[in-house]
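Here's the structure, in structure tokens; my notes come after.
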Amino acid sequence: MKIAVLPGDGIGPEIVAEAVKVLQALGPLFDLESAPVGGAAYDLTGHPLPPATLELAKNADAILFGAVGDWKYDALARELRPEQAILGLRKHLKLFANFRPAICYPELTAASSLKAEIVGGLDILIIRELNGDIYFGQPRGIRTSELPLFKGTREGFDTMHYSEPEVERIARVAFEAARKRNKKVCSVDKANVLETSQLWRDVMIRIAKEYPDIELSHMYVDNAAMQLVKAPKAFDVVVTGNLFGDILSDEAAMLTGSIGMLPSASLDKNNKGLYEPSHGSAPDIAGKGIANPLATILSAAMMLRYSLGMPEQADRVERAVQKVLSQGLRTADIYTEGTQKVTTVQMGDAVVAALI
Ligand code: NAD
């Protein structure tokens, strides 16, 4: 099994090193090859996604990705910014389905900003469409306005766009995922205002007929943002477009105590995937050895399950993470009184030691 390892920027190399350590501890199962991506790649080659990195990602069975971005690249042209690497990988590899589980481990309820009874035992899955929506719709740009009220001033514009086939395929992914869980899908849109959302909703209703065992509900995105903090356990699978999913999945992340705990997977139609923590490159704590590597380690577990066909190994890694949490080990982001604060490397070592 060939895994492309793309550590990226900020805390990326620190947390990916721990996930690699865990994968290697499972045995000589993987051929791991690293390549630069994001700001690190820009510094080396002048581009955030150099051809050699893209080639490696294309030829691998799965991709383990850290994070990209740093404020020092903010002045670069948009197409050269580190974040373009992740958008480019999603596009070139046709990764259209983003899985972001939000699980609140019983040991971490105290780290959540919400009351324990609201988040304790939370286990929801947000599925975000990744290839369409306002992030890719054309036309887009900044131009001089022709509107009478604003004539002569600069205006920015983007196009929200979804075609039926794009919604159909993400709908099927969501219904299939719900089949393996609690058989409920909540589709989030803004159909009261947006034409794109009306089409989204129509297609969801049509595809739902192929899945009579799954309960489909609909919610406007503003209400979904409220319900996620009011009664998050009422959800099972949430499916939504690229823009709404971007925001809601971060909101869901915070329910669990720390974004440092949340893995993610972005899959193509054959279940080849890119696996990365849900958080960014956290430049504010990079190099300090305090980043939480568990989201990346859990992303590696998702990789074993979804792309590499190794569910027992995925279970082993997830059980090991659960064990270190019950041993009371915590990185700074999830630390509460009475637990033991550890560094990034110590946390990785503890997970390796807990593998059985
Ligand atoms: P961020 O997710 O990097 O950080 C937000 C906050 O969470 C920070 O306080 C950070 O210290 C903390 N945090 C994040 N991951 C953590 C971890 N593993 N352990 C402990 N604390 C953690 O978001 P941001 O600060 O808005 O963005 C920083 C950079 O990351 C930007 O350049 C942004 O564009 C980029 N970014 C990249 C990705 C990606 O690579 N997929 C995603 C989001 C943001």
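Tabulated data for the structure shown
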| item | result |
| --- | --- |
| Subset of segment 317-356 that is within 19 Å of residue 106 (Cβ to Cβ) and touching a Phe, Trp or Tyr at 6+ places or on another chain (Cβ under 8 Å) - its residue that is most open to solvent (accessible area, probe 1.4 Å) | 322 |
| Residue that is at positive phi, outside the structural domain of residue 336 (by TED's automatic domain parsing) and either in contact (Cβ under 8 Å) with a residue 40 or more places away in the chain or open to solvent by 30 Å² or more (accessible area, probe 1.4 Å) (or both), where the choices are 133, 123, 158 | 133 |
| Yes/no for residue 258 being surrounded by 21 or more Cβ atoms within 10 Å (Cβ to Cβ), within 9 Å of the ligand (Cβ to nearest atom), over 18 Å from residue 68 (Cβ atoms) and polar (S, T, N, Q) | yes |
| Residue 188 being of a type in the set (Val, Ile, Thr) and assigned to a helix (DSSP H, G or I) | no |
| Pairs with Cβ under 6 Å, 6+ apart, first in segment 269-293 and free of Cβ contacts under 8 Å to residues at least 60 places away in the same chain and within 17 Å of residue 131 (Cα to Cα), second assigned to a loop (DSSP other than H, G, I, E, B) and open to solvent by 20 Å² or more (accessible area, probe 1.4 Å) | 271/307 |
| Residue count for segment 175-218, restricted to those that are within 19 Å of residue 123 (Cα to Cα), open to solvent by less than 70 Å² (accessible area, probe 1.4 Å) and not basic (Lys, Arg) | 10 |
| Selection from segment 46-75 of residues that are within 12 Å of the ligand (Cβ to nearest atom) and either surrounded by fewer than 18 Cβ atoms within 10 Å (Cβ to Cβ) or outside the structural domain of residue 19 (by TED's automatic domain parsing) (or both) | 71, 72, 74 |
| Residue list for segment 283-309, restricted to those being open to solvent by less than 30 Å² (accessible area, probe 1.4 Å), hydrophobic (A, V, I, L, M, F, W, C) and either out of contact with any Ser or Thr (no Cβ under 8 Å at 6 or more places or on another chain) or not in a helix (DSSP H, G or I) (or both) | 291, 297, 298, 300, 301, 303, 304, 308 |
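The values are calculated or read from the model by the stated rules, or taken from the named source; none is laboratory data. A quick note: this is a predicted structure, and the numbers were derived from the prediction, not measured. Because the Cβ atoms are built from the backbone with ideal geometry, glycine has one as well, and the counts that use them run over all protein chains shown. Heavy atoms of the whole protein, side chains included, go into the accessibility calculation; ligands, DNA and RNA do not. Shrake-Rupley method; radii C 1.70, N 1.55, O 1.52, S 1.80 Å.
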